[in-house]
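> Right, I'll just put the structure down here and ask away after.
The values are calculated or read from the model by the stated rules, or taken from the named source; none is laboratory data. Given the structure is predicted, the values throughout are model-derived calculations rather than measurements. Heads up, the Cβs are rebuilt from the backbone with ideal geometry, glycines too, and the neighbour counts pull from every protein chain shown.
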Amino acid sequence: MKRRVTALAGLALVGLLAGCAQDKPVVPAGPPPLAKFSSAGELSTAVLERVTADKTAKMTLTGGVDGQPDQQFYGVGVLRQGEGGTSMQFAEQVQRPGAAASEVRLVVQPDATYLKPPADAVLPPRKSWLQLGRYTTDPFYRRFMPMAAALRAYADPQAFFAQYGGAITIIRSAEEPVDGTRAVRYDLRADPAGAGANRTRPAIEQAALNPTTAESLTSVNYTIWLDESNHPIRTLVDEPVPGVPGPYSLDSHYTRWGDPVYISAPEPLQVTQQ
């Protein structure tokens with residue numbers, strides 16, 4: 001009788017353990033890894049197709065020349081793809097010696113850059129905008145020229161790929177979220193010499209500071225983050241600029257791809273050239 005009770009107790013214990021095993025909570029698997037492009041050509045095609053399809057985005061930008069406080073900037077803006085190229089509009093708070101912080105606006109078009117300076121700037125009568133160019137000599141206004149060139153070359157996500165073409169190499173890639181959004185980070189390197197005829201516009205300084213820089217650059221490092229739909233949601237460039245004390249960096253974040261935006265050049269009668 002005692003043996004029978006012991007056997008029954010053993011069976012009950014086995015059943016209890018089996019029940020516990022069945023009741024163990026199942027840990028749900030995480031989301032599948034995002035797909036990665038293995039070649040720069042595939043990555044370039046994906047970025048160009050997505051940007052061309054969506055055409056517009058809102059941006060938050062941070063950048064400037066490292067070690068130069070008066071060359072640092074932060075602001076918000078928008079971009080829009082058009083038949084003639086990419087246009088951007090950017091608003092920035094600037095600090096000037098002996099003056100309160102004030103806002104400037106920058107409109108960057110494929111063939112022109114316009115600056116609306118602080119309200120207390122001295123301009124000719126009935127003029128409220130400046131067109132920046134090679135004859136701009138005022139130091140305060142010249143500080144915006146590398147910024148405008150950087151926006152053209154790097155804040156437009158497709159410009160980097162269109163500019164360097166087959167001279168781009170993927171150094172590494174990995175999943176890395178941006179502002180809570182799942183994304184794949186691609187660290188890229190471009191060889192300016194290898195870009196050849198594809199490089200239609202030298203980088204920052206061609207439009208701003210030093211026309212010989214394009215020939216002296218050995219490589220350009222560029223990082224881009226793509227979400228699961230291949231929207232660019234962040235880009236980062238840190239490029240040395242000969243003749244300038246410190247590399248020029250630009251960190252761009254993008255949201256609301258495809259939303260309508262409005263960008264237009266100022267009326268010609270409102271523009272003066274410095």
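> Filter segment 215-230 down to residues that are at pLDDT below 95 and either under 19 Å from residue 76 (Cα atoms) or not in a loop (DSSP other than H, G, I, E, B) (or both), then give me how many there are.
Residues meeting the conditions: 5.
> Looking at residue 141, is it part of a helix (DSSP H, G or I), of a type in the set (Ser, Thr, Tyr) and closer than 20 Å to residue 89 by Cα? Steps first, answer last, please.
Working: part of a helix (DSSP H, G or I): yes; of a type in the set (Ser, Thr, Tyr): yes; closer than 20 Å to residue 89 by Cα: yes.
Yes; evaluated as a whole, the condition is true for this residue.
> Determine the pairs where a residue that is over 17 Å from residue 106 (Cα atoms), located within segment 257-271, has a partner that is of a type outside the set (D, E, K, R) and part of a loop (DSSP other than H, G, I, E, B) with Cβ atoms under 7 Å apart, the partner being 6 or more residues away or on another chain.
Cβ pairs passing all conditions: 257/231.
> Could you grab me the full set of residues in segment 88-119 that are among the polar types (S, T, N, Q) and either in contact with an Asp or Glu (Cβ under 6 Å, 6 or more places away or on another chain) or modelled with pLDDT under 90 (or both)?
Going through segment 88-119, the residues among the polar types (S, T, N, Q) turn out to be 89, 93, 95, 102, 109, 113.
Across segment 88-119, the qualifying residues are 93, 95, 102.
> At pLDDT below 85 and either crowded, with 21+ Cβ neighbours inside 10 Å or at negative phi (or both): is that true of residue 150 in this structure? Even if it seems obvious, please write down each step before you answer.
Numbers: at pLDDT below 85: yes; either crowded, with 21+ Cβ neighbours inside 10 Å or at negative phi (or both): yes.
Yes; evaluated as a whole, the condition is true for this residue.
> So, in segment 149-198, exactly how many residues are out of contact with any Asp or Glu (no Cβ under 9 Å at 6 or more places or on another chain), of a type outside the set (D, E, K, R), free of Cβ contacts under 8 Å to residues at least 40 places away in the same chain and not in a helix (DSSP H, G or I)?
Going through segment 149-198 one residue at a time, the tally reaches 3.
> Which residues, counting only those in segment 111-141, are free of Cβ contacts under 8 Å to residues at least 60 places away in the same chain, exposed (fewer than 15 other Cβ atoms within 10 Å of the Cβ) and under 25 Å from residue 159 (Cα atoms)?
Hits for segment 111-141 are 111, 134.
Conditions tested, residue by residue: (1) small (Gly, Ala, Ser); (2) within 24 Å of the chain's Cα centre (by Cα); (3) under 27 Å from residue 80 (Cα atoms).
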site: 124; (1), (2), (3): no, no, no
site: 134; (1), (2), (3): no, no, yes
site: 138; (1), (2), (3): no, no, no
site: 147; (1), (2), (3): no, yes, yes
site: 153; (1), (2), (3): yes, yes, yes
site: 157; (1), (2), (3): no, yes, yes
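> Moving to a separate point now. For segment 108-140, give me the residue count where each residue is within 20 Å of residue 63 (Cα to Cα) and in contact with a Pro (Cβ under 7 Å, 6 or more places away or on another chain).
Selection size over segment 108-140: 1.
> Now for a separate question. Out of segment 35-55, which residues are surrounded by 18 or more Cβ atoms within 10 Å (Cβ to Cβ) and polar (S, T, N, Q)?
Scanning segment 35-55 gives a single hit, 44.
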